[in-house]
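Okay, so here's the structure we're looking at.
The values are calculated or read from the model by the stated rules, or taken from the named source; none is laboratory data. These numbers come from a predicted model, not from an experiment. Methodologically, a virtual Cβ is constructed for each residue, glycine included, from the backbone with ideal geometry; neighbour enumeration extends over all protein chains shown.
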Amino acid sequence: MSWLRALKETARSGLKVERRRLEPLITVRAGAGLAIVVGVSLWLFGPAVAASSAFGAFQAAIATFQRSWRPRPVLALASGVSLGISTFLGYLTGTHVVLFLALLALWTFLAGLSWSVGPTVGIIAASNVAMMLVTITLPTSLPAAAGHAAMIAAGGLVQALLIVFFPVRRWGAQRDALADALAAEADYARRLRQDPEAPFDPAPLMAARDAATVTPRQARRRPVELHGARGLAERIRPVLASLADPAVGVPAEGVERDRVRELLAAAGEVLDAAARAIRHGVPAGLPPAALAALRTPDTGAILTGPPHRAAGRLAALLDDVIETADPPSSIAGRRSLRSMLSTMAGHLPPTVSNHLPPTVSNHLPPTVSNHLPPTVSNHLPPAVTEPQTADPKSAETPDAPVGPAVTGTTPLPATPSSSDTQPITLSRPTVPELAPVAARKMRVELAQSTRESAIKRHAFRVTVVAVVGYLIGQALPLGHGYWAPMASVMVMRPDFSQTYGRAVARFGGTLVGVAVATGVVQLTDPGPVLSGALAVICAALTYLLMSTGYAVSQVTISAYVVFLLGMGGTEWTQTVPERVVLTLVGGVLAMLSYAVYPAWETPRLRTRLADWLVAGGSYAATVVHHYAEPVGRHSTGVRETLLAMRDARIAWQDAVERAEDEPVRHRGLSRAATEDAGHALAEMARVAMLMEAHLPERGTTPVPPAALLAAALRETTERAAKDVRERRVPDWESVREVLRDWDGEGLPDRVVRRGGRLLLESLDELSESLDTAAPREPAETGRERGQDQQEPRQDQQESRQGKPGPRQGKPEPGLDQQESVRDDSGPQSPEGTAAR
């Protein structure tokens, strides 16, 4: 992308105004807190102290609007106190230019490094540096500086107290995150009816996981319906995919596919009902149509094998979701769903029904055949129609998953683990505990080279710009020289597009804001009280419209500053020209600094891709190895590798998104290769997720060839990652050889062998995407692949009869002839279970 086009794209993104849901009640509360602080300070201490306290209350309220799952009072108080400390230290060194520049450099450098802790901490730290440049000019003596600092901290305290005593929709953000995750899965279930390989956006599930990470105090106060539902939501996604996917599920057309579509539609309705219940805290109203579909008695006669087990697993999970989503006072929805699931579960074989939660299995009728129509029960095997005696040792906990059963094998109870698919608490450090965590992350960034760490480069860049901007502002024959470094610090971000987009938006918003404020001042000639009232109104508009875009917020903030300084006695004729000119200077400095000392993501795309490949290969190898050594579903190894793959995938997606707007050549990884490589690794993760959905329980028959496949996957992906970094095309001959020599005679290896071949196809696709010399053929559509899909049982029959099976060189129908299963969402597609 050329520089001219990059500037156009970033300017357009910076000036973009989005339609977002507004928060009027929270806006009123934040505006009221600012009004209280300004009014009391103006009455007791005068305009100067009122301006300082207003900055503290304003910044504290801004902090509470950031996307963070921490308690809002904590954010407000931390912002106010840190700004007060910065103001006092800044005033102490303000009379000595060298000392103040040293403090400014130190504070700005730490603010730049704080992005390693998280965007919320980075934004608050940068805002505190910018506000400090203004507030240190207000005191006139050391005692006054201490008083100003105390009033700034008091502004944050007032905002925190208002949040505590006047809460607006407690746990609303966490409820919305969890409800969004369930609603996304409901939509996914409906799309799977038409497209068995439909893409899935993992963002809602990732947000739900972040929302479920709480401090110990939050864990004690969290509503009951927010416990456990997130883990259930993560487990439902692979079950839905395994039920719909022709690779391990039912054929693309036929009676089985029709029944799966009915179950998926019913699952979507139930998940939507659970999402509404969690979002609004009301009982879940289960739709009669969905209940009727799930009550269909002949599911056990139509579905067999893995699809049958997936249907039973889905039924158990839906029961748990509704039981978790309903408020404690509501039991009607639970009973109706349990009744429905009892009817459905009654038609599952004992190897599946024994794995259902006790809340369902306790309601099963003693003789299932009495509840079936004669036309159905006459065609069912005796194992279904005869009453079964459950082994008490095989009972699982309500959250234990259902695993594929092997004939003649009694499933053993799953061992508990720390896997977060269990209803456990994900701990978040408290604010005092966050300090060592933040220090550790900053040390990690400092230990890296500036070429590897974009955050470290950002810290150096913003520090130099802040010091240079302050010197330029002081040298110019204008007052309020601090506006130049203030503008630079506020617009600079670690990536190119945000820095340039925010610089344009800040200058444009400043022009409009000061123009509007100037017009109001000329028409009304306000005094201190009216100026304070106008400042509060502008601040409230900032809170209300903040989510619509940075340019909009800059309009109201610019007017807020004009009125606030007017309250302190500064004439608008001084404020307006100086702010416009110095804001332009600060924005230009920020843009020039990134051009001179950039942190481009484009050259690092191969490294990000290699990291994702290693993490994905480790996840797939861990899943495959569990078929060789079945240890049950609750394995910390699978979960740890899955989370590592999720982190690597997020890093890749963020890098691709940032690289799209950079004026840099691709340097070995073109945009087409980037998209195709993302497709391939997303497909590899999706196949591994399907295999994880059918992990064998402890005690089932092992598949020894799976150990060889796992070792080959781990070794080849690590070697291939080095090839990707060094611009070579990876080779997968080791995996191909293991699959060619596969010997699974008499073993339950259907899922793992089919999955292994699909993994190889996705890895081959990755090599093709990185081979710029090889011509690319158009991929088949999902519909064409589904038509070629065959029921994968004849290969086992042929191998027993001595016919050449797939391991002897004959392509297996539906596998070797099957095109790689793509996920059309590219890098935005889910990484299988990592989407959870």
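Here are a few things to note about the model shown:
- Scope region 450-483; condition under 29 Å from Val576 (Cβ atoms) and of a type in the set (Phe, Trp, Tyr); matching residues: Tyr470, Tyr482, Trp483
- Residue match in region 716-726 (condition: outside any helix (DSSP H, G or I) and in the same structural domain as Ala610 (by TED's automatic domain parsing)): yes
- Among the residues of region 523-534, the ones that are touching a Phe, Trp or Tyr at 6+ places or on another chain (Cβ under 8 Å) and modelled with pLDDT under 90 come to 3 in all.
- Every pair of residues 6+ apart whose Cβ atoms lie under 6 Å, when the first sits in region 756-771 and is in the same structural domain as Arg725 (by TED's automatic domain parsing) while the second is surrounded by fewer than 24 Cβ atoms within 10 Å (Cβ to Cβ) and among the charged types (D, E, K, R): Ser769/Asp676
- Among the conditions (1) modelled with pLDDT of 90 or more; (2) surrounded by fewer than 16 Cβ atoms within 10 Å (Cβ to Cβ); (3) over 29 Å from His458 (Cα atoms), the only one that Leu471 does not satisfy is (3).
- Some residue of region 503-524 being surrounded by 18 or more Cβ atoms within 10 Å (Cβ to Cβ), of a type in the set (Lys, Arg) and closer than 25 Å to Thr64 by Cα: yes
- Among residues of region 208-225 being touching a helix residue (DSSP H, G or I) at 6+ places or on another chain (Cβ under 6 Å) and surrounded by fewer than 24 Cβ atoms within 10 Å (Cβ to Cβ), the one that is nearest to Met691 (Cα to Cα) is Ala211.
- Checking region 506-525 against the condition returns no match, with no residue being out of contact with any strand residue (DSSP E or B) (no Cβ under 7 Å at 6 or more places or on another chain), within 30 Å of Val664 (Cβ to Cβ) and part of a loop (DSSP other than H, G, I, E, B).
- Looking only at residues in region 13-38 that are touching a Ser or Thr at 6+ places or on another chain (Cβ under 8 Å) and among the small types (Gly, Ala, Ser), the one that is farthest from Thr556 (Cα to Cα) is Ser13.
- Single residue of Ile36, Ile85, Ile62 found to be closer than 30 Å to Ile472 by Cα, surrounded by fewer than 19 Cβ atoms within 10 Å (Cβ to Cβ) and not polar (S, T, N, Q): Ile85
- Some residue of region 40-59 being over 30 Å from Ala144 (Cα atoms) and among the aromatic types (Phe, Trp, Tyr): no
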